[in-house]
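The values are calculated or read from the model by the stated rules, or taken from the named source; none is laboratory data. This one's a predicted model, so the numbers in the text were calculated from it and none came from an experiment. When we count neighbours, we look across all protein chains shown, and the Cβ atoms used for this are built from the backbone with ideal geometry, even at glycine. Side chains included, ligands, DNA and RNA excluded: accessible areas come from the protein's heavy atoms. Shrake-Rupley method; radii C 1.70, N 1.55, O 1.52, S 1.80 Å.
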Amino acid sequence: LSQSNSLVRNTLLAITACHLRHMSPGLLQHRIAEHRYQSLAIQDFQTALETPSKSLGQQGANALLLSALLLNMVAFTLPHQERGDEDHPKSSWVFSSKEGRLGWLALQAGLRPLSISLSAYTDKAVAFLDPIMFGQGRAGWREIHRYRRLDVPETWIRAFKLNRDRSVYGSNVTKQNGIFGPALIVLAVLRGIHPPQSMILFNWVLLLKIHGELRTLLYNKDARAMWLVGYWLGLMCRYKGIWWCERRVRRDYEAVRMWLQGLQLGERAGIEELYWEDLMQHLDNAPFLSQTKT
C-alpha cells in the first residue's frame, strides 16, 4: 500500500522519524525528519479528505484510516522541548491557558467524523486494520461488544446524574445520557479489561465519544470533563513501555490529579460535592486496577 500511496508512505516515514527522535532526542536530524514527513503526510491527508469517498474506493479508505491512526500516534507523543521539562505535570495542557492547548486531541477527535464519512467502507477497513494494529488472531475494535455488560460504578451514576437502564448494552445506564453518558459507559468497559500491550489502541474508543459539548467542557476545564479524561489517562498508565504514549499519559494523568486536588471539591458544601471524594479515590486507583485477560 505504501508503494502506491504517498499518504501511507509519508505517514510511515513520519512515525519512523518520530520513534527515532524519541529514542535519541538529542539528534537534531531526527526532529527535522519528523517535521518534514509529518508535514508531507498532512498535506497528502488533506488532499485525501477533499476527495469524494466514491473516488477513494475501498483501498483509498483503508489508506486514509490507517494514516489517520498513525498520525494520531505522532500527535500523541510529547514534543521535544529544549528546556527538557516536557515530562513535568506543570508543563501539561491542564495548566495551560493557550488557545491551542488541546491541539493533541483535535486529530484524535477527528476519527469519529472521518469514520462516519467513510461509512460505506468502514467494516472492511476495520477488518483490514485489526490485524495490523492488534496482531493476527487478536481481538480488535469490533470485539468491544463482548465487554458492554460491565456496569458503570454507582458513584459515577450519581455524580454525573445518569439515567439507569439495563436494556442498553447490558449496562446500568442509558447510552443517550446527556453529555457524559456514552463516554462513561466506555470507561466502564475499559476499566474492566487490561489487554496486552499490543491492544493499547483498544482504549482509543473513548476518543470517539469526546466531541461537541464534551470537548467544549474539557477546553473550559469543567471538573467533570477533566476527571473523565484524567481517569482514561490513568487507565492508559497500566500499559508500560509504549514509546509513543507512556510519557504523555503519565504526565497528563498526574497533572489532572494535581489540578483537581487543588480545587478541593470534596471539601465544599453541597450534594454534588459529596461524591468527589469517591471520584478522586477512583482516579487515584485507575493505574492500578487488576488485570483481566481478553
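Table for the structure above
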{"read-out": "Area projected by the alpha carbon convex hull of region 3-83, averaged over all directions, nm²", "value": "5.4"}
{"read-out": "Accessible area per residue in Å² at 1.4 Å probe, computed on region 184-255", "value": "28"}
{"read-out": "In region 26-115, the GluC sites (Glu not before Pro) that fall in loop regions by DSSP, at most 12 other Cβ within 10 Å", "value": "GLU50, GLU82, GLU99"}
{"read-out": "Rough spin-label spacing in nm, given labels placed 7 Å along Cα→Cβ, for SER4 and GLU267", "value": "6.4"}
{"read-out": "Per-pair calculated FRET efficiency, R0 = 30 Å: GLN43 and ASN220 via Cβ, rounded to 0.05", "value": "0.40"}
{"read-out": "Mean Cβ neighbour count within 10 Å, used as a protection proxy, ranking 212-221, 253-262 highest first", "value": "253-262, 212-221"}
{"read-out": "Debye log10 I(q)/I(0) for region 43-87, one point scatterer per Cα, at q = 0.28, 0.30 Å⁻¹", "value": "-0.99, -1.06"}
{"read-out": "Tail weight of P(r) past 23 Å, computed on alpha-carbon pairs of the chain, percent", "value": "58"}
{"read-out": "Accessible area expressed per residue, region 1-63, with surrounding protein chains retained (probe 1.4 Å, Å²)", "value": "58"}
{"read-out": "Within the accessible area of region 14-131 (1.4 Å probe), percent carbon and sulfur", "value": "56"}
{"read-out": "Packing-based order for 112-122, 15-25, using average beta carbon neighbours within 10 Å, highest first", "value": "15-25, 112-122"}
{"read-out": "In the chain, lysine pairs closer than 29 Å at Cα, eight or more apart or cross-chain", "value": "22"}
{"read-out": "Which of THR47, TYR37, ALA125, positive extreme of dipole for the chain (C-beta unit charges)", "value": "ALA125"}
{"read-out": "Proximal charge balance of ASN10 [Cβ under 15 Å; K/R count +1, D/E count -1]", "value": "0"}
{"read-out": "Gain upon complete extension [HIS211, ALA120; 0.36 nm per residue less C-alpha separation]", "value": "30.6 nm"}
{"read-out": "Inter-label distance for ASP284 and ALA106, nm, one decimal - labels placed 7 Å from Cα along Cα-to-Cβ", "value": "3.7"}
